[in-house]
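Structure record follows, encoded as structure tokens.
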Amino acid sequence: MFVSVNKLKSFRPVLPIGMVTVATQVRTAGHEAEVLDLMWEEEDEEAVRAAVARLRPDVVGISIRNVDSQNMLEPVIYTPLAREVADWARAEHPGVTIVLGGPGFSTVPEDLMGFVRAEYGITGFAEESMVPFLVHLARGEEPEDVPGVIYRRPDGSYHRREPVFRIDYRKAARPDPDLYDRRYFTYSYETHDRSEKVPATIQTKKGCVLECVFCSNFLVDGTGVKFDEVSRVADEVERLRDEGLEVLEIVDGVFNLPLNYSLEILKEFVRRGIEMPWSCMINPGNVTPELVDLMVRTGCYYVEFGTDSACDRILRGLKKNFRQRQIVRSHRLFEQAGVRVEHCLFIGSPGDDRDSVRETFDVMEELVPSGAPDAHAYWTLGLRVCRGTALHTTAVAEGQLTGDERFIVPKYYISKGVIGDDALLDEIEERVLANDNWYLWWGLRTIGLRTRIRMAREESRRIEAELMTHLPRRGPAPAPLVATPRREDRP
Ligand code: SF4
């Protein structure tokens, strides 16, 4: 039995594509598998206990998509629900094996194992590892060689097998749409100016060719890119369309990186006459007139730009592959084509100060003026730090983190040039509030930014103190990753 603990409906609910893909794979391999999606349950405990009592599963796999709200100004931690799900399942069916997985889990596996008191976890591609893992369990063997597996040894340390970020798309099952809760497809969510349907999701590849300093994608999908076959992607979109789904989202980290592959996908859509409303995440550095033309012809109506900053110095420091002039040019190309553009931006990246923040705000005033019909800017104060990223190293070097912290409550980096400049924080608040198409935090009109930062930090410390009481002490030494033999070397 698989349980998704993601209950985040704002700004819109997201289909649990990872959990459903794994459940489909497990079924295809001949096991019984059911899913429970807590997104739609009002009484979580009742729902979990009832499902466990009915199914009596050998294994409960808990899928953790997000560890937290990813918003420093609004600290909400979602992992306590995973812990409760495990407790309810054990109470209802003693002896059940608890396994953790999902992208959120892959970013902080050891701490979450201890916090939830799970028997096992699987990092990396569970669609490749779950079936061999279950086979080992069924035979009564320890799954020590399964890629990505983690479990606690009797001495308190962890056994961790290196995840293998390879996927054989020809053998991989497509997520069975019948495993999605139907309420996703009748639900409408409100944006600032309209009501929209939850999109069906599809992924054309895993991973990313860039290595932005803050990005945790390499922990979830590994480095490099694993491409699906163009014809399989098009088949899947046709199937979704023929089933009557109205809106589609391509959930690749970035759709247009690398550019040639995205063009191939779009040309195949055109060849097959696929045209339905769809959206995706765009890298501003890789936008050409041909790309925009093909996107529009196949129905793309909305793109999110991973803009991050509009100051070249900051973009260089973040290791982005584009600069300000490309942001402007790409924005204009989509604007002229009638496609809605939403920019996602950080305030407080390494090196950010009064000059770079003002420069970014000035560029955004040009691209996203107040009242613009089809453009918005979403600002995030601070960057969430993941262990193992270059940003983590910077945060430690600057004394913002110790390097030894536990990430059960996420940590945020904010440049000293922003957080130490009260006048700049006041200016940020003023400029965000002056533009109806800019968003930073929903309560900014009633609680000032500096006050909110103080409140959020206190709240975060309180949550951390509470959660740490459930975290076992660290074992003797962090277990090194045990290398996984190459596929051809495996028995
Ligand atoms: S482009 Fe996006 S997905 Fe790729 S490394 Fe940068 S932040 Fe991560």
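The values are calculated or read from the model by the stated rules, or taken from the named source; none is laboratory data. Only a predicted model underlies this, so the values are computations on that prediction, with no experimental measurement involved. No Cβ is skipped: glycine too gets one built from the backbone with ideal geometry, and neighbour counts run over all protein chains shown. Protein only, heavy atoms only, side chains kept; ligands, DNA and RNA dropped before computing areas. Shrake-Rupley method; radii C 1.70, N 1.55, O 1.52, S 1.80 Å.
On a full-extension model of 0.36 nm per residue, what is the gain between Leu55 and Tyr189, subtracting their alpha-carbon distance, rounded to one decimal in nm?
Details: separation 134, 0.36 × 134 = 48.24 nm, distance 3.26 nm.
Answer, rounded to one decimal: 45.0 nm.
Working with all protein chains in place, sort Val287, Val396 by solvent-accessible area computed with a 1.4 Å probe, largest first. Please report the intermediate quantities before stating the final value.
Working: Val287 5, Val396 55 Å².
So the residues, ranked largest to smallest area, are Val396, Val287.
Rounded if a/c is under 1.5, else prolate if a/b beats b/c, else oblate: with a ≥ b ≥ c from the C-alpha gyration tensor eigenvalues square-rooted, which is region 1-132? Each step should come with its number before you reach the end.
Numbers: a/c = 1.42, a/b = 1.26, b/c = 1.12.
Since a/c stays below 1.5, the shape of region 1-132 is classed as rounded.
Starting from the Cα-Cα distance between Ala91 and Asn260, subtract it from 0.36 nm times their residue separation and give me the gain in nm to one decimal.
Details: separation 169, 0.36 × 169 = 60.84 nm, distance 5.23 nm.
Roughly 55.6 nm would be gained on extension.
Below 8 Å between Cα atoms, with a sequence gap of 6+, how large is the relative contact order for the chain in percent?
Working: 864 pairs, mean separation 67.9, N = 491.
Dividing the mean separation by the residue count of the chain yields 14 percent.
Might you work out the accessible area of Thr393 for me, using a 1.4 Å probe with all protein chains in place, and round it to the nearest 10 Å²?
Number for this one is 90 Å².
How much accessible area per residue does the chain have, counting only protein heavy atoms and a probe of 1.4 Å, in square angstrom? Could the numbers behind the result be given before it?
Values: 21200 Å² over 491 residues.
Result: 43 Å² of accessible area for each residue.
With label points built 7 Å along Cα→Cβ from the Cα atoms of Ala434 and Asp178, find their separation and express it in nm.
With each label point 7 Å from Cα toward Cβ, the separation is 5.8 nm.
What pairs from Lys320/Lys416; Lys9/Lys411; Lys197/Lys267; Lys7/Lys320 go past 29 Å between their alpha carbons? Don't skip to the end; give the middle numbers.
On the way: Lys320/Lys416 21 Å; Lys9/Lys411 23 Å; Lys197/Lys267 26 Å; Lys7/Lys320 32 Å.
Where the Cα-Cα span goes over 29 Å, the pairs concerned are Lys7/Lys320.
With all pairs of different alpha carbon atoms counted, what Kirkwood hydrodynamic radius in Å does region 199-445 show? If you can, show how the numbers build up before the last one.
Working: mean 1/r = 0.0521 Å⁻¹.
Hydrodynamic radius (Kirkwood, Cα pairs) of region 199-445 is 19.2 Å.
Find the centroid of the Cα atoms in region 148-171 and in region 41-69, then give the distance between the two in whole Å.
So the separation of the two Cα centres works out to 22 Å.
Suppose each label sits 7 Å from its Cα in the direction of the beta carbon; what would the Trp442-Ala337 distance come out to in nanometres?
3.2
Divide by every residue of the chain the summed helix terms, -39500 (n - 2.57) for each DSSP H run of at least 4, and state the resulting mean residue ellipticity at 222 nm, rounded to the nearest 500 deg cm²/dmol. Kindly include the intermediate steps, with their values, before the conclusion.
Values: 17 runs with 183 residues, N = 491.
Mean residue ellipticity at 222 nm (helix-derived): -11000 deg cm²/dmol.
What does the charge count near Glu32 come to, summing +1 for each Lys or Arg and -1 for each Asp or Glu among other residues with Cβ under 14 Å from its Cβ? Working shown, then result.
On the way: positive: Arg27, Arg54, Arg56; negative: Glu34, Asp58, Asp176.
After counting each charged neighbour, the total is 0.
Between Arg457 and Asp293, with labels modelled 7 Å along Cα→Cβ, what's the label distance in nm to one decimal, could you check?
Computed distance between label sites Arg457 and Asp293 equals 5.3 nm.
Relative to the present Cα-Cα distance, how much length would full extension add between Glu275 and Thr393 at 0.36 nm per residue of separation? Each step should come with its number before you reach the end.
Working: separation 118, 0.36 × 118 = 42.48 nm, distance 4.50 nm.
Separation in residues times 0.36 nm, less the Cα-Cα distance, equals 38.0 nm.
R0 = 41 Å: FRET efficiency of Glu43 with Gln70, Cβ-based, nearest 0.05?
Working: r = 27 Å, r/R0 = 0.65.
Efficiency for this residue pair is about 0.95.
If you check each cysteine of the chain for another cysteine whose beta-carbon is under 4.7 Å away, which ones come up empty?
Isolated Cys, the chain: Cys208, Cys280, Cys300, Cys311, Cys344, Cys386.
To the nearest 0.05, how large is the calculated FRET efficiency for Glu427 and Asp404 if R₀ is 35 Å and r is the Cβ-Cβ distance? All intermediate terms of the calculation are to be shown ahead of the outcome.
On the way: r = 35 Å, r/R0 = 1.01.
Efficiency, rounded to the nearest 0.05: 0.50.
What FRET efficiency do you get for Asp155 and Leu471 if R0 is 22 Å and r is their Cβ-Cβ distance, rounded to the nearest 0.05?
Details: r = 17 Å, r/R0 = 0.79.
That pair, Asp155 with Leu471, gives E of 0.80.
Let me check I have the definition right: for the chain, take the eigenvalues of the Cα gyration tensor, multiply each by 5, take square roots. What are those semi-axes in whole Å, largest first?
Details: eigenvalues 252, 167, 94 Å².
So the equivalent ellipsoid measures 36, 29, 22 Å along its semi-axes.
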